[in-house]
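What follows is one structure encoded as structure tokens, with my remarks underneath.
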Amino acid sequence: MLFRVLVLISMMFLIPVTANAAEPVNDFQVEVLPAENQKNFSEGFFHLDSMPGETMSLKFRVMNNSSETIQLQLQSVNAHTADTGGIIYSAEAKENGIVDMAEAIDVRDSVKIKAGDSENVNVKVKIPDTASGTLLGGVLLTAEGTPDNVSLDAVNEGGSNYAAEQPGQRLVAVKVDLPQKTSAGLTVDRADFDSFNNHVAIEVKNGDAAVYETVQGTFTVMDKDGELLLNGVLSPFAMAPESKIAFPIDLNGILLEQGRYVLMIKGRADEKEFFVEEKFTVTESQAAGVITTSVDSAPPNDSESSWLIISFVLVSLLLLVPLILKLYKGNSRKTYVKLSEKNNL
């Protein structure tokens, strides 16, 4: 009996883990089919040459690899740059009158595919008359039953995610190169100190209608007297056409005091080099906020961890001892009854 009780208690601890384990959504694959002006069929997405005002007809095949019928929702999306770098896709409109690929891409709303079957999906892309440079968007496929909070994460390792996928979702990117290029280039300015996260946010703007596959470089932080405080490396990341972000530069645990500082960055956006020198200020309240946040988020020391473990064990024992004593008394009583019956007492 005691063994069964202990097993039940163990199962109680395991219940939350089991309850949180979600069943995988039905799996499917997407295959890009040959299209006119397609550059490379092995890339897994539509990479096309086109002209302003042209309408292109594209097609991809969806294969249901599961043992059940799947219902997929289809949505045309725009390419954006995540604040931490990397390209993400959503139906959110583009800013400043830039070409909205979600509006330019026409695809049906849904498709239903039987188990082990496949179906072709047609896509129309209407290039605006005033478009130039490189346009980037895509079609996002989401399986019915996929959690609403699931989204395709940005790839922050240099190189763009044109064919991103995860359980329940697939992206088919549509990248269109037009003859006329822009030359606004990449700009980096306006450094601001973030006391909550202890980093310096810099405004990075891709003014080109072009994808920057790899933005990378090195940075230096100095105080107003020119004393070197920190050297670091910007991890490579990609940027969507004509987008801007507030890119965070981690201070690696260095706590800045109140005062003025200088941030210098030497980098390269693909083949274009850039150099930036920006000043930023840390106020008295910001400096105090960083110290407070660091203290609050500090992990417990070994002695605190030991006391937590000891407390847990003691509480567990206090809860189990009455149960064990009750079981012991019950077993003793049963033994007494059996002996009494045997001896006719």
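Here, each number is a calculation from the coordinates, and none is a lab measurement. For clarity, every value in this text was computed on a predicted model and none was experimentally measured. Neighbour counts run over all protein chains shown; Cβ positions are idealised from the backbone, glycine included.
Sequentially through the stretch 125-131, phi angles give Karplus couplings (6.51, -1.76, 1.60; θ = phi - 60°) of 10, 9, 7, x, 5, 9, 6 Hz, Gly and Pro residues having no value and appearing as x. Extension gain, Asn120 to Glu43: 0.36 nm times the residue separation minus the Cα-Cα distance gives 25.9 nm. Here the 3J(HN,Hα) profile of the stretch 165-174, calculated from phi with Karplus coefficients 6.51, -1.76 and 1.60 at θ = phi - 60°, is 7, 7, x, x, 9, 9, 10, 10, 6, 10 Hz, Gly and Pro shown as x. Overall shape: prolate for the stretch 186-296, with the ratio a/c of the largest to smallest alpha carbon gyration tensor axis at 1.5 or above and a/b above b/c.
Spin-label pair Asp129-Ala93: with each label point 7 Å from Cα along the Cα-Cβ axis, the two points sit 2.1 nm from one another.
Amide H contacts of His199: Asp194, each under 5 Å away and 5 or more positions distant or on a separate chain (H built 1.01 Å from N in the peptide plane; Pro and chain starts excluded). The fewest-to-most ranking of Ile265, Ile249, Ile98 by surrounding Cβ atoms within 10 Å reads Ile98, Ile249, Ile265. As a rough guide to protection, the peptides 104-115, 73-84 ranked by mean Cβ packing within 10 Å, highest first, stand as 73-84, 104-115. Taking GluC sites (Glu not before Pro) across the stretch 56-130, the ones in a DSSP loop with at most 12 further Cβ atoms lying within 10 angstrom of their Cβ are Glu68, Glu92, Glu95.
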